[in-house]
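Before any comments, here is the structure.
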Amino acid sequence: MLLLGYREVQNTFIQPEAILVLGGSTKSLEREKFTAQFAKKHPSIPIWISGGSPKAPTKKVFSKQGVDLRRLHLDYDAVDTVTNFTTLVDELEARKIRKVYLVTSDYHMRRASVVGEIVLGSRGIDFKAVSIPSDVPPEPIQKSVRDGVRSILWLTTGYTGAKGEQLKQ
């Protein structure tokens, strides 16, 4: 219980050094549009979008909001929620980023938080959840459990269990 209190206090004082957006937007680019607005309130930090919408429409959304496109890091290596984290965590760590804003839809945040705690946490990276409101009901808890197990698998083997992924020899 004391550890939880410490983490809450720590999260209050440590400001995120980057924005991490999980892909999965619809054709309306709601995650990108939300993040472009959010980024204007945090003008000095870089933005990573993992598995988001195509480059041209994404850049157009940010440009239209006046966000410097040099802040954008578009990554298309992820194929699912677990790989949204595993494909970027080493780069975030290499850049000495210790805390990020984690942006995704509200219905997806529980699963993203489970995976983020395991994958980002394994590198000492904390996150502050920023949910995008929607009318979609929360995902079933089973998805969070499944992806939590996959994240632990990645920690122990380097393998995420993603479709088509080859086990490292």
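The values are calculated or read from the model by the stated rules, or taken from the named source; none is laboratory data. Predicted model only: the values in this text are computed from it and were never measured. When we count neighbours, we look across all protein chains shown, and the Cβ atoms used for this are built from the backbone with ideal geometry, even at glycine. Ligands, DNA and RNA are stripped out before the accessible areas are found, and what is left, the full protein with its side chains, is counted by its heavy atoms. Shrake-Rupley method; radii C 1.70, N 1.55, O 1.52, S 1.80 Å.
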Would you pull out the residues with amide H under 5 Å of D126's amide H, same chain only if 5 or more places away, H placed 1.01 Å from N? K99, V100
Straight-distance crosslink candidates among aspartates and glutamates, where the alpha carbon sits under 18 Å from K60 and sequence neighbours closer than 8 are dropped: E30, E32, D68, D75
How much of the accessible area of the chain, probe 1.4 Å, is carbon plus sulfur, in whole percent? 59 percent
To the nearest 500 deg cm²/dmol, what mean residue ellipticity at 222 nm is calculated for the chain from DSSP H runs of n ≥ 4 alone, each contributing -39,500 (n - 2.57), summed and divided by the residues? -13000 deg cm²/dmol
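Show me 45-58, 122-135 ranked by packing, highest mean number of other Cβ atoms within 10 Å first. List each step's numbers first, then the result.
Details: 45-58: 19.0, 122-135: 15.2.
For the peptides 45-58, 122-135, the packing ranking is 45-58, 122-135.
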With +1 assigned to the C-beta of every Lys and Arg and -1 to the C-beta of every Asp and Glu, and no other charges, what is the dipole magnitude of segment 56-118 about the Cα centre in debye, to the nearest 20? 380 debye
Within 12 Å, Cβ to Cβ, of W48, how many net charges do the neighbouring residues add up to if Lys/Arg are +1 and Asp/Glu are -1? -2
Among Q65, V82, P54, pick out the residue whose Cα is farthest towards the positive end of the charge dipole of segment 52-94, where Lys and Arg carry +1 and Asp and Glu carry -1 on C-beta, about the Cα centre. Q65
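Please compare each pair in K59/K163; K99/K143; K41/K128; K99/K128; K55/K99; K128/K163 to a cut-off of 18 Å on the Cα-Cα distance and tell me which ones are over it. Could the numbers behind the result be given before it?
Numbers: K59/K163 28 Å; K99/K143 25 Å; K41/K128 15 Å; K99/K128 8 Å; K55/K99 25 Å; K128/K163 29 Å.
K59/K163; K99/K143; K55/K99; K128/K163, as the Cα separations exceed 18 Å there.
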Counting heavy atoms of the protein chains only and a 1.4 Å probe, report the per residue accessible area for the chain as a whole number of Å². 55 Å²
